[in-house]
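The values are calculated or read from the model by the stated rules, or taken from the named source; none is laboratory data. This is a predicted model, so every value here is computed, not measured. Cβ: placed from backbone, ideal geometry, glycine included. Neighbour counts: every protein chain shown.
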Amino acid sequence: KQEVTQIPAALSVPEGENLVLNCSFTDSAIYNLQWFRQDPGKGLTSLLLIQSSQREQTSGRLNASLDKSSGRSTLYIAASQPGDSATYLCAVRYSGYSTLTFGKGTMLLVSP
Amino acid sequence: DAGVIQSPRHEVTEMGQEVTLRCKPISGHDYLFWYRQTMMRGLELLIYFNNNVPIDDSGMPEDRFSAKMPNASFSTLKIQPSEPRDSAVYFCASSPNRGELFFGEGSRLTVL
C-alpha cells in the first residue's frame, strides 16, 4: 500500500530556530512531491513542488529536498517566525497515478 | 488568475436537506479534485475529473453523494439527503496534468 508518513505530528520551537520537517513514502517510483501549508480554517497553500528528477527546490526561507532511494523528503525552514505557525502537509504523486497521497501533516508552532 | 473558487464558504443546514457545493477551477487546468477534511480522518479524496469526465469516484462515501462537471469551469458536489456525519470541510482543487495542485479555500458544512 502506498503511504506517506510525516514525523513529528507536532513541533514547537522558539522564534529564530532553523527546523526540519520530515516526510517518508513507501515506494520510490514517484512522479513528484509537493509540500503544502494549511492555516487554521483555511485551504491548503502550495509551497514547493519537486519533480522526481530534482534533488531540491528553494523558495525564500524554505528548502525542500528529495531522496527517492531512501523514500524521504525534508522541508527545511530557516530562521523560523511566528507567522510560520501552521500545519505542513507532504503529498506524493506516485508514478502512473493522477492523484496525490497525503501525509497527515506536522503541526508547527513557533513561539515569539 | 483568481485561483480555485468555492462557494459557499460556510453552510449550516438541517439533517435531510440537500446541499450543493460549487467550484470554479483555475482556467486551463484539466484535472479537478473534490476532497473532504475532518479531524478524525484527515484529508480524503472523494472524486476527481479529467477534462470534465469523472475518472475515479471510489472515495465517494455513499450514493447520497454525487458530483458533476458540466463544463471546464464549473463543478458541483451534491449531498442528498445530508446527515450530521457529513459535517466537514469540503475542498476543491485543480491542476494541470500531473502538475502542481492548487486548493480552494474550502466549504465548511455543518449538518444539524
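Six or more apart or on different chains, Cβ atoms under 7 Å: show the pairs whose first residue is in segment A:63-88 and touching a residue at least 60 places away in the same chain (Cβ under 8 Å) and whose second is surrounded by 15 or more Cβ atoms within 10 Å (Cβ to Cβ) and outside any strand (DSSP E or B).
Close Cβ pairs (under 7 Å, with a partner that is surrounded by 15 or more Cβ atoms within 10 Å (Cβ to Cβ) and outside any strand (DSSP E or B)) amount to A:88/A:105.
Just to be sure I understand, how many residues within segment B:19-44 are within 12 Å of another protein chain (Cβ to nearest Cβ), loosely packed, with under 15 Cβ neighbours inside 10 Å and not in a strand (DSSP E or B)?
Result for segment B:19-44: 3.
Can you confirm whether residue B:49 is crowded, with 20+ Cβ neighbours inside 10 Å and under 22 Å from residue A:4 (Cα atoms)?
In short, no.
Could you check, for segment B:75-86, whether at least one of its residues is in contact with a helix residue (DSSP H, G or I) (Cβ under 6 Å, 6 or more places away or on another chain) and at pLDDT 95 or above?
For segment B:75-86, residues in contact with a helix residue (DSSP H, G or I) (Cβ under 6 Å, 6 or more places away or on another chain) and at pLDDT 95 or above: present.
Kindly establish whether residue B:111 is β-branched (Val, Ile, Thr), surrounded by 15 or more Cβ atoms within 10 Å (Cβ to Cβ), more than 11 Å from chain A (Cβ to nearest Cβ) and under 17 Å from residue B:40 (Cα atoms).
yes
Working only within segment B:73-88, note down all residues that are surrounded by fewer than 22 Cβ atoms within 10 Å (Cβ to Cβ), closer than 27 Å to residue A:90 by Cα and either among the hydrophobic types (A, V, I, L, M, F, W, C) or facing chain A (nearest Cβ under 8 Å) (or both).
B:88
Considering only strands (runs of 3 or more DSSP E) fully contained in segment A:11-112, which possess at least 2 residues that are within 14 Å of chain B (Cβ to nearest Cβ) and closer than 23 Å to residue B:44 by Cβ?
The qualifying strands (runs of 3 or more DSSP E) are A:30-38, A:44-51, A:86-94, A:106-111.
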